[in-house]
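*Asks:* One structure, pasted below without further comment.
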Amino acid sequence: MPTLPARLAQALWPVYRFLLNKWYFDELYDFIFVRPYAVLARALWKGGEEGVVEGMPLDAVRATRESAVQAVRLQTGSLALYAFSMLGGLVVLLTVALCG
Amino acid sequence: MGVSSFNWAIALPEIALALAGVVILAGVVLQPKGEGFLPATVLSGAALLGCMVLVLVCPQGHGYAGTFVNDGFARFMKILVLAGALVAVVLGAGYRTREQRTLPFEAPVLILFSTLGAMIMASSANLMTLFVGLELSSLSIYILCALERDNVLSSEAGLKYFILGSLASGLLLYGISLVYGFAGTMEYTGLIEAVRSAAIPPMGLVVGIVFVLVGLCFKLSMVPFHMWTPDVYQGAPTPVTAYMAGAPKFAAFALFLRVMAGPFGAVAPRWQILIETVSILSMVYGAFAAIPQTNIKRLMAYSSIGHMGYALMGLAAASMAGLQATLVYLSAYLIMNAGTFGCIAAMRRNGREVNGIADLAGLGKTDPGMALALAIFMFSMVGAPPLAGFFGKFLVFAAAWQAGQYPLVAVGAAASIVGAYYYLRIVKVMYFDAPDQALDRPAPGLLLVSGGMGLATVLFIAVLGPILSFAHQAAIALVG
């Protein structure tokens, strides 16, 4: 009765499909575990690793460069400003010494 | 110790140097115009060398009615000051102005007098001696800065330094008068007793100490009293800049250590926080502000601001180890700083001085010897082992760590990393950038300075033991 399996398969088509696809185990596994992890890994790779970890030194460099430029802008060459900054420093140190 | 005895022999080096200065000046003035520079340079150099010998053999003790002291600490500082001045005189010999002339013959003599002031500062046992030494040293430097009268930058440097220096001197004097008003004496020994006898330091004394501290901070170019430094360093003739970055800084440090660890040592918790603050500010500002610089003399100005911050870390620790570390740091700084300025003075193209960092491009190919020396100094300034700068930095960090100054150590380490960028950039420019037109062949005196200091930087580890014990004795003389 070589036609019996075919008939059986036809009669119980959904069950046959279910069994043929190994209970859809691979799809289920892919859906529950593989995909979310892939999404998470991708987010960590692009956002965390390339964005934050690799970006941190770059941000530090940018911050360093910008603050360096700002620091030099204090140096205007104006004698009045120089003297004023000295007196300002004196006041700050006095405050720290008397209150600190 | 006979405080009131008139023990003239302890000031023998100072007396000899003063006499030598006067004799050289008188002798050279009689020379025909334009021919005095070389004899003045040679004689001043010889006088400085002879004075170094005198410092080593001169007896120790108190004298001049308690205004003057010669101890292990003074001796250490005087040797540093004299060595710095000698290097500057040698650099000055090879220097030519924009008009291809030598500096005026007064230059070496003025360096000599300024050194005399610096030595008196190192030996002061009285706030008045301190001030007299400081002014003798500073007045000579004001003139030295403006020595190239035809160069507007040089005149500007002299004027700026003079005006701001007067302000700083005024603050210092005001502080001294406040301290005198509180303690009734200006002698350090008297001040120590007065400070120790009071349970709580009175407000007037604290204000006085802060004013004195500010006056000294100005000389050391500590932030926020540093503003004059870049402009003056850039404008002054290179040998003068080399001198300013060395001897007067050591003298100011000598004062700082002597005054703060001595008379005001009992109220250390009061000023420690101030020293910490200016030290942190100087390290950070020195590191950051140097990054965009294109002129190497200006870069060295910021570098010196940073280095003074590191050296002050030792004092902020307020311990014996800290004092010793500061002294070793200064010795290492003397060597690498002198060497760097030897290289900067050698930067001439077609007979004209060039100061841009870009002018060093390709030096590794056109002049491998000088490039190697400059690279050694830069690595030493970064603090790379086993060069001189490493030991200084290591000791001050260790002292600050042991004293529990963890924030200071952390900021110092971070500033050190930022600072490494601009030092290493010079190495990169020398070795990896395309060569420009080659620099002129440097004068033999400059080769001697940069070569000798390069060797000293590399071999510092060999003499570390003696320097450490010398510094230890100096620290004991100061505190014990």
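*Asks:* Filter the range A:75-86 down to residues that are surrounded by fewer than 16 Cβ atoms within 10 Å (Cβ to Cβ) and facing chain B (nearest Cβ under 8 Å), then give me how many there are.
*Replies:* Adding up the residues that qualify gives 2.
*Asks:* Looking for something within 14 Å of another protein chain (Cβ to nearest Cβ) and open to solvent by less than 80 Å² (accessible area, probe 1.4 Å) - is there at least one such residue anywhere in the range A:24-35?
*Replies:* Scanning the range A:24-35, I find no residue that is within 14 Å of another protein chain (Cβ to nearest Cβ) and open to solvent by less than 80 Å² (accessible area, probe 1.4 Å), so the answer is no.
*Asks:* With the requirement that a residue be away from every other protein chain (no Cβ under 11 Å) and hydrophobic (A, V, I, L, M, F, W, C), what does the range B:228-243 give you?
*Replies:* Across the range B:228-243, the qualifying residues are B:Ala236, B:Val240, B:Ala242.
*Asks:* Let me ask something else. Could you tell me which numbered condition B:Pro466 fails, if it satisfies all but one of (1) in a loop (DSSP other than H, G, I, E, B); (2) out of contact with any helix residue (DSSP H, G or I) (no Cβ under 8 Å at 6 or more places or on another chain); (3) surrounded by fewer than 14 Cβ atoms within 10 Å (Cβ to Cβ)?
*Replies:* Of the numbered conditions (1) in a loop (DSSP other than H, G, I, E, B); (2) out of contact with any helix residue (DSSP H, G or I) (no Cβ under 8 Å at 6 or more places or on another chain); (3) surrounded by fewer than 14 Cβ atoms within 10 Å (Cβ to Cβ), the odd one out for B:Pro466 is (1).
*Asks:* Here are the criteria: (1) facing chain B (nearest Cβ under 8 Å); (2) under 43 Å from the mean Cα position of the chain (by Cα). Tell me which single one A:Leu90 does not satisfy.
*Replies:* The single condition A:Leu90 does not satisfy is (2).
*Asks:* Within the range B:335-380, how many residues are in a helix (DSSP H, G or I) and either under 28 Å from B:Ser154 (Cβ atoms) or in contact (Cβ under 8 Å) with a residue 24 or more places away in the chain (or both)?
*Replies:* Residues in the range B:335-380 being in a helix (DSSP H, G or I) and either under 28 Å from B:Ser154 (Cβ atoms) or in contact (Cβ under 8 Å) with a residue 24 or more places away in the chain (or both): 31 in total.
*Asks:* Among the residues of the range B:133-189, write down those that are among the hydroxyl-bearing types (Ser, Thr, Tyr), more than 14 Å from chain A (Cβ to nearest Cβ) and under 22 Å from B:Phe105 (Cβ atoms).
*Replies:* B:Ser137, B:Ser138, B:Ser140, B:Tyr142, B:Ser154
*Asks:* Looking only at the range B:295-308, how many residues end up being open to solvent by 20 Å² or more (accessible area, probe 1.4 Å) and within 11 Å of chain A (Cβ to nearest Cβ)?
*Replies:* 1
*Asks:* Take the residues in the range B:276-286 that are more than 9 Å from every other protein chain (Cβ to nearest Cβ) and not hydrophobic (A, V, I, L, M, F, W, C); name whichever of them is most open to solvent (accessible area, probe 1.4 Å).
*Replies:* Filtering first and then ranking leaves B:Glu276.
*Asks:* While we're looking at this one, here's another question. Being facing chain A (nearest Cβ under 10 Å), within 27 Å of B:Thr189 (Cβ to Cβ) and surrounded by fewer than 24 Cβ atoms within 10 Å (Cβ to Cβ): is that true of B:Ile273 here?
*Replies:* Answer is yes for this residue.
*Asks:* Which one of these is under 30 Å from B:Val29 (Cβ atoms), open to solvent by 20 Å² or more (accessible area, probe 1.4 Å), touching a helix residue (DSSP H, G or I) at 6+ places or on another chain (Cβ under 6 Å) and touching a residue at least 60 places away in the same chain (Cβ under 8 Å): B:Ile120, B:Ile111?
*Replies:* Exactly one of B:Ile120, B:Ile111 is under 30 Å from B:Val29 (Cβ atoms), open to solvent by 20 Å² or more (accessible area, probe 1.4 Å), touching a helix residue (DSSP H, G or I) at 6+ places or on another chain (Cβ under 6 Å) and touching a residue at least 60 places away in the same chain (Cβ under 8 Å), namely B:Ile120.
*Asks:* Among the residues of the range B:227-274, write down those that are over 24 Å from B:Val195 (Cα atoms), of a type in the set (Gly, Ala, Ser) and part of a helix (DSSP H, G or I).
*Replies:* Scanning the range B:227-274 gives B:Gly235, B:Ala242, B:Ala247, B:Ala251.
*Asks:* Filter the range B:35-64 down to the residues that are part of a loop (DSSP other than H, G, I, E, B) and either without any contact (Cβ under 8 Å) to a residue 24 or more places away in the chain or closer than 16 Å to B:Ala74 by Cα (or both) and list them by number.
*Replies:* Within the range B:35-64, B:Glu35, B:Cys58, B:Pro59, B:Gln60, B:Tyr64 meet the criteria.
*Asks:* Kindly indicate which of B:Phe264, B:Phe225 is open to solvent by less than 10 Å² (accessible area, probe 1.4 Å), over 30 Å from B:Arg298 (Cα atoms) and within 14 Å of another protein chain (Cβ to nearest Cβ).
*Replies:* Being open to solvent by less than 10 Å² (accessible area, probe 1.4 Å), over 30 Å from B:Arg298 (Cα atoms) and within 14 Å of another protein chain (Cβ to nearest Cβ) holds for just one of B:Phe264, B:Phe225, which is B:Phe264.
*Asks:* Please find, within the range B:62-86, the residue that is nearest to the chain's Cα centre (by Cα) out of those that are among the small types (Gly, Ala, Ser) and open to solvent by less than 20 Å² (accessible area, probe 1.4 Å).
*Replies:* Going through the qualifying residues, I end up with B:Gly84.
The values are calculated or read from the model by the stated rules, or taken from the named source; none is laboratory data. All values derive from a computational prediction rather than experimental measurement. For neighbour counting, all protein chains shown are included, and Cβ atoms are generated from backbone atoms with ideal geometry for every residue, glycine included. Please note that ligands, DNA and RNA were not included when accessible areas were found on the heavy atoms of the full protein model with its side chains. Shrake-Rupley method; radii C 1.70, N 1.55, O 1.52, S 1.80 Å.
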